[in-house]
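Here's the structure we're looking at; comments come further down.
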Amino acid sequence: MINIILMGPPGAGKGTQAKMLIQAFNIPHISTGDMFREAIKAGTPLGVLAQSYIQKGDLVPDEVTIGLVKERLAQKDCANGYLLDGFPRTLPQAEALEKLTEELGAPIGAVINLDADKAELVRRISGRRVCRNCGAPYHVDTLRPLIDGVCDICGGELYQRKDDTVEALETRLHHYYEDTKPLENFYRERKLLINLNGLTPKDELFVQISEIFKKVDQK
Ligand code: AP5
């Protein structure tokens, strides 16, 4: 069973890799960021609440995020594995997930930690454009679509995320170094942490992560 966490700072390439991996391994992609953005788009009470944090680059409160993930992992399609992207991001979230996976009798098999230097993260995030329809990520310099402003995959409109501003990114990076990076120790102690270089070209990185998925699946 493949129960894997993709961890790393904003712009490390989590979403890019997750989109390729879930197709190759046929498991659900559980991205708390995507779930919040869907709720914002739908105008639900969760979306209204989440937006007030996300647009400033702050973390959505733990009790809200943990509740959302608990509900999602209880769904049938997670029974044979899942890829968590952007969760956990705080120690209480990591502890809650550990308790939940113990209750479900299906522990996390690996935590893949992508990293890159701050200058590259800023370059990637400030130039990122995302498809409004399917969420595919592009970059204004290094990953341009065939037609300007149009998604190659589904023809959807490309836009810049509201939290991809310089100010919000500073806050997101601050939360990453303060709240999320300490989780590396949490997972290192549990012998689950695997560090990979997020600067690796995306197709090469995909091959490296795929090898880890195969090993976890064989355990
Ligand atoms: P979320 O959506 O999870 O954002 P994030 O973690 O900040 O990560 P990003 O989506 O910005 O980056 P990524 O690593 O996926 O990079 P990508 O692949 O797109 O969360 C958003 C917000 O929601 C949070 O700030 C918070 O407010 C809230 N939230 C979410 N989860 C929460 C939680 N658990 N608790 C509390 N609040 C939560 O790539 C970026 C760019 O780089 C793209 O342009 C891409 O083309 C390019 N790129 C990718 N890989 C490569 C490569 N290998 N080489 C060159 N370029 C590359």
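The numbers here are math on the coordinates, done by the rules we state, and not lab data. Predicted model only: the values in this text are computed from it and were never measured. Don't worry about glycine lacking a Cβ; one is built from the backbone with ideal geometry, like all the others, and counts go over all protein chains shown.
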> By count of other Cβ within 10 Å, fewest leading, how are Leu121, Leu49 ordered?
Replying inline: Leu49, Leu121
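Starting from the Cα-Cα distance between Met1 and Val150, subtract it from 0.36 nm times their residue separation and give me the gain in nm to one decimal.
On the way: separation 149, 0.36 × 149 = 53.64 nm, distance 3.66 nm.
So the extension gain works out to 50.0 nm.
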> Along segment 25-41, what does the Karplus equation 6.51 cos²θ - 1.76 cosθ + 1.60 (θ = phi - 60°) give for ³J(HN,Hα), rounded to whole Hz, x for Gly and Pro?
Replying inline: 10, 6, 10, x, 9, 9, 10, 5, x, 4, 4, 5, 5, 5, 5, 5, 4
> Among Leu6, Leu97, Leu146, which comes first, then next, by fewest other beta-carbon atoms within 10 Å?
Replying inline: Leu146, Leu97, Leu6
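May I ask you to work out the translational diffusion coefficient for the chain at 37 °C, viscosity 0.692 mPa s, via Stokes-Einstein with Rh from the Kirkwood sum over Cα pairs, reported in whole µm²/s? Display every interim value, and only then the final one.
Values: Rh = 17.8 Å.
For the chosen part, D equals 185 µm²/s.
If you stretched the chain out fully between Gln160 and Glu120, how much longer would it get, using 0.36 nm times the residue separation minus the C-alpha to C-alpha distance? Present the calculation step by step, with values, prior to reporting the outcome.
Numbers: separation 40, 0.36 × 40 = 14.40 nm, distance 1.76 nm.
Fully extending the segment from Gln160 to Glu120 adds 12.6 nm.
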> What shape does segment 177-219 have by the C-alpha gyration tensor, where a ≥ b ≥ c are the square roots of the eigenvalues, rounded means a/c under 1.5, and otherwise prolate means a/b greater than b/c and oblate the rest?
Replying inline: oblate
>> What distance in nm lies between label points placed 7 Å from Cα along the C-beta direction at Lys191 and Ala42?
In response: 4.1
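Evaluate E = 1/(1 + (r/R0)^6) for Leu199 and Tyr177, where r is the Cβ-Cβ distance and R0 equals 22 Å; express this FRET efficiency to the nearest 0.05. If you can, show how the numbers build up before the last one.
On the way: r = 18 Å, r/R0 = 0.82.
So the FRET efficiency works out to roughly 0.75.
Could you work out the relative contact order of the chain? I mean the mean sequence separation of Cα pairs under 8 Å and 6+ apart, divided by the number of residues, in percent.
Relative contact order comes out at 32 percent.
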> Rounded, prolate or oblate: which fits segment 25-128 when a ≥ b ≥ c are the square roots of the eigenvalues of the alpha-carbon gyration tensor, with rounded for a/c under 1.5 and prolate only if a/b beats b/c?
Replying inline: oblate
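Once you have the Cα-Cα distance between Ser210 and Gln23, take 0.36 nm times their residue separation minus that, and quote the gain in nm to one decimal. Intermediate results must be reported in sequence, preceding the final value.
Details: separation 187, 0.36 × 187 = 67.32 nm, distance 1.13 nm.
Net length gain for the segment: 66.2 nm.
Treating only the Cβ of Lys, Arg, Asp and Glu as charged (+1, +1, -1, -1), what charge dipole size does the chain show about its Cα centre? Round to the nearest 20 debye. If you can, show how the numbers build up before the last one.
Numbers: 28 positive and 31 negative charges, 62 e Å.
Using Cβ point charges on Lys, Arg, Asp and Glu, the chain gives about 300 debye.
Would you compute, from DSSP H runs of 4+ residues alone, the mean residue ellipticity of the chain at 222 nm, taking -39500 (n - 2.57) per run and dividing by the full residue count, rounded to the nearest 500?
Working: 9 runs with 102 residues, N = 219.
Counting only the DSSP helices, I get -14000 deg cm²/dmol.
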